1. Of the residues E154, E120, E93, which is in a loop (DSSP other than H, G, I, E, B), touching a strand residue (DSSP E or B) at 6+ places or on another chain (Cβ under 8 Å) and of a type in the set (D, E)?
2. Kindly indicate which of S394, S379, S325, S340 is among the polar types (S, T, N, Q) and crowded, with 22+ Cβ neighbours inside 10 Å.
3. The conditions are (1) free of Cβ contacts under 8 Å to residues at least 40 places away in the same chain; (2) open to solvent by 20 Å² or more (accessible area, probe 1.4 Å); (3) β-branched (V, I, T), and V49 fails exactly one of them. Which is it?
4. Applying the selection to region 430-442, what residues are of a type outside the set (A, V, I, L, M, F, W, C) and either within 19 Å of N359 (Cβ to Cβ) or open to solvent by less than 10 Å² (accessible area, probe 1.4 Å) (or both)?
5. With respect to Y220, is the statement that it is more than 16 Å from ligand 2 (Cβ to nearest atom), open to solvent by 40 Å² or more (accessible area, probe 1.4 Å), aromatic (F, W, Y) and under 16 Å from L126 (Cα atoms) true?
6. Across region 356-409, which residue is nearest to G341 (Cα to Cα) among those that are assigned to a loop (DSSP other than H, G, I, E, B) and among the charged types (D, E, K, R)?
7. Within region 291-308, is there a residue that is open to solvent by 10 Å² or more (accessible area, probe 1.4 Å), away from ligand 2 (no atom under 16 Å from the Cβ), without any contact (Cβ under 8 Å) to a residue 40 or more places away in the chain and among the basic types (K, R)?
8. Mind telling me which of the residues S375, S360 ends up being on the phi < 0 side of the Ramachandran plot and at pLDDT 95 or above?
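The values are calculated or read from the model by the stated rules, or taken from the named source; none is laboratory data. Just so it is clear, the model here is predicted, and its values are computed rather than measured. Neighbour counts run over all protein chains shown; Cβ positions are idealised from the backbone, glycine included. In case anyone asks, the SASA skips ligands and DNA or RNA and just uses the protein heavy atoms, side chains included. Shrake-Rupley method; radii C 1.70, N 1.55, O 1.52, S 1.80 Å.
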Amino acid sequence: MKESLLMKKDSLWKTLDENEINEALEFAEEYKMFIDHGKTERTCFKEMVNASKAQGFRLMDEVLSDSQPLKTGDKVYFTNKEKALILAVIGSEPLEKGMNLLGTHVDSPRLDLKPVPFYEEKDLALAKTHYYGGVKKYQWVTIPLAMHGVITKENGEEIHLTIGENPEDPVFMITDLLPHLSKDQMEKKMSEGITGEGLNVLLGNRTLKEGQEKDKVKGYLLQTLYQEYGLKEEDFSFAEIQFVPAGKARDIGFDRSMIAAYGQDDRVCAYAALRGIFSVEKPKKTAVAVFVDKEEVGSQSNSGMESRFFQNAVEELLTLQKEESFTAYGRALSGTKALSGDVMSAFDPNYPDVLDPRNSCYLGKGVNISRYTGSRGKSGCNDANHEFLREIRSIFNGKNISWQMGELGKVDQGGGGTIAYIIGNQNGEVVDCGVPMLSMHAPYEVISKVDLYMTYRAYFEFLENAE
Ligand code: MN
Ligand code: MN
């Protein structure tokens, strides 16, 4: 049998030349700075808006006030609720013929503060949390946590909190039981060993010296919050505060080939998409990159992909290109080609039982294409059409993009979803395509630097070349 008949996938560490590897390593350093600053959807949003402005993107509201029609190569952005962002580079073809779209999300699993969080018990001050997204609760105890968020004083002054990221900051922590007394806990199912109501964050031990008898530790905590930030307990009931793993992204391995960091699902694809659209100059089809919130909780509400925000943005683009009509939006979406940029769980030698090695992706072998997601017989998934998949194949093979085909584990082992189906429901062609990952949704997730680089290149070639 001829070698060339076989589908063979080599590691990029073997196939890329020295220059490309150096480029990938440099790209990874820039990425690490991005995720170190973007540890929440809001801070990611800020990072992305600043980077986009520096690349010459203009806020759509400013563009509208010039009342000049948009022309090929113009770069615009739309913001939504300080959490979601759309970037567009105007193409030479009418938008009504469709756009080339990248869709990613910037929210990640974490612990949110409950509306009435603070309490005291046995000389300890603690905070109640409600977890956000799919977390394995036992992973979130005994690791340093940082507090991030936005809160407004009664007088209207808005404060952005970041506590626990600088070496001189304090951090926060959830305790676990010592092994010596864990006989009952260790016999429980892993899903029950640490409970949702047990995810209470340790905040303080120091007490007020005088004054009230009750709640002296909580009192000291509230006094500190007032002295340092001017905040009262009630302010927290209206705030958005989250706890995330403290600290920066780190290289993994003697060879520094991988990155461990919090929130790489899906900020790694978001970053690749951001850099991908930054590289687009004068496309034929309008290139669009969408960065949304709330994917980890089902994409609902105004900052999620289900929001009307996306349609509003496309309609504004159509209006500014004098293409408004009853049918323009529907036609634009029907002609749209999209990559839903999201991470995919890669083959993990520690857990072979749940993975089909022939249909898994692997760290270091390039951007992953995931034709469908869903669970129990593809339920709830977007199942990409053959005609679109063959176009992806021809773009990727034509542009030397190293790709692999992976699905989310063995049939009936579980499942998951992305924002792909939402674009599909709007009648666009879409397939999931992103970075392979180990330990997805854990406090620290792992990716390979060459996969990030290849994903960026794949996204760029897709924006430039999809027909
Ligand atoms: Mn994701
Ligand atoms: Mn996820």
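1. E93
2. Result of the check over S394, S379, S325, S340: S340.
3. (2)
4. Once the filter is applied, which keeps residues that are of a type outside the set (A, V, I, L, M, F, W, C) and either within 19 Å of N359 (Cβ to Cβ) or open to solvent by less than 10 Å² (accessible area, probe 1.4 Å) (or both), region 430-442 yields D432, G434, P436.
5. Spelling it out, Y220 is indeed more than 16 Å from ligand 2 (Cβ to nearest atom), open to solvent by 40 Å² or more (accessible area, probe 1.4 Å), aromatic (F, W, Y) and under 16 Å from L126 (Cα atoms).
6. Filtering first and then ranking leaves R371.
7. Yes, region 291-308 contains at least one residue that is open to solvent by 10 Å² or more (accessible area, probe 1.4 Å), away from ligand 2 (no atom under 16 Å from the Cβ), without any contact (Cβ under 8 Å) to a residue 40 or more places away in the chain and among the basic types (K, R).
8. S360
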